[in-house]
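**Student:** Quick one: the structure is below, questions incoming.
The values are calculated or read from the model by the stated rules, or taken from the named source; none is laboratory data. Predicted, not measured: the structure shown is a model, and the values here were computed from it. Here the Cβ is made from the backbone with ideal geometry for all residues, glycine too, and neighbour counts use every protein chain on show.
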Amino acid sequence: MEGMTAIGQVGEIKRRLLTPAKIDGASVVVIALPDGFQVVENRCPHQQADILHEGSVDDGGLTCPLHGRTFDLVDGRCRNGAGRLTLVPWKQIGDTLWAGPLPAQGFSSF
Ligand code: FES
């Protein structure tokens with residue numbers, strides 16, 4: 001799995017809902033969704049806080065616990081402000097979830 005990092009066992013990740021992990025030293029969070037997963041950089045674009053693993057998930061969006069910005073988990077766009085999450089490629093092989101690499105351009109901040 002060139003460029004990808006083994007995150008963990010799928011069953012365990014699904015139980016947690018939000019799973020923090022590291023990819024090449026970068027902090028990411030895996031979100032378990034009803035139809036799969038999303039992996040995003042753990043950093044909120046609003047104030048660059050590595051806090052999204054403590055957020056909440058509802059209606060296909062991830063809400064940052066600091067100031068309540070909600071990001072769509074399909075395209076990463078903020079629903080109530082500016083900014084966009086960095087989405088990270090992932091793949092399930094057998095019972096293992098793999099993710100990475102982080103996109104080179106990183107995230108945009110506002
Ligand atoms: S740091 Fe996430 S909403 Fe402000």
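**Student:** For a quick check of your reading of the model, give me the residue pairs whose first member lies in region 76-99 and is closer than 16 Å to E2 by Cβ, whose second is aromatic (F, W, Y) and more than 14 Å from the ligand (Cβ to nearest atom), with beta-carbon atoms closer than 6 Å and at least 6 apart or on different chains.
**Tutor:** Pairs found: W90/F37; K91/W98; A99/W90.
**Student:** Just give me the residues in region 6-22 being part of a strand (DSSP E or B) and surrounded by fewer than 20 Cβ atoms within 10 Å (Cβ to Cβ), in sequence order.
**Tutor:** Within region 6-22, A6, G8, Q9, L18, P20, K22 meet the criteria.
**Student:** Now a separate question. Provide a single number: the residues in region 36-60 that are closer than 14 Å to L97 by Cα and of a type outside the set (A, V, I, L, M).
**Tutor:** 3
**Student:** Six or more apart or on different chains, Cβ under 7 Å: which pairs go from a residue in region 46-66 that's free of Cβ contacts under 8 Å to residues at least 12 places away in the same chain to one that's more than 10 Å from the ligand (Cβ to nearest atom)? Could you list them?
**Tutor:** T63/S56
**Student:** May I pose another question? Regarding region 47-59, can at least one residue be identified that is within 16 Å of the ligand (Cβ to nearest atom) and in contact with a helix residue (DSSP H, G or I) (Cβ under 8 Å, 6 or more places away or on another chain)?
**Tutor:** no
**Student:** What about F37, is it in contact (Cβ under 8 Å) with a residue 12 or more places away in the chain, within 14 Å of the ligand (Cβ to nearest atom) and part of a strand (DSSP E or B)?
**Tutor:** For F37, the condition - in contact (Cβ under 8 Å) with a residue 12 or more places away in the chain, within 14 Å of the ligand (Cβ to nearest atom) and part of a strand (DSSP E or B) - is not met.
**Student:** Quick check, is T86 under 14 Å from the mean Cα position of the chain (by Cα) and near the ligand (Cβ under 9 Å from one of its atoms)?
**Tutor:** In short, no.
**Student:** So, one more: Could you figure out which of (1) over 16 Å from L17 (Cα atoms); (2) at pLDDT below 95 isn't true of G36?
**Tutor:** (1)
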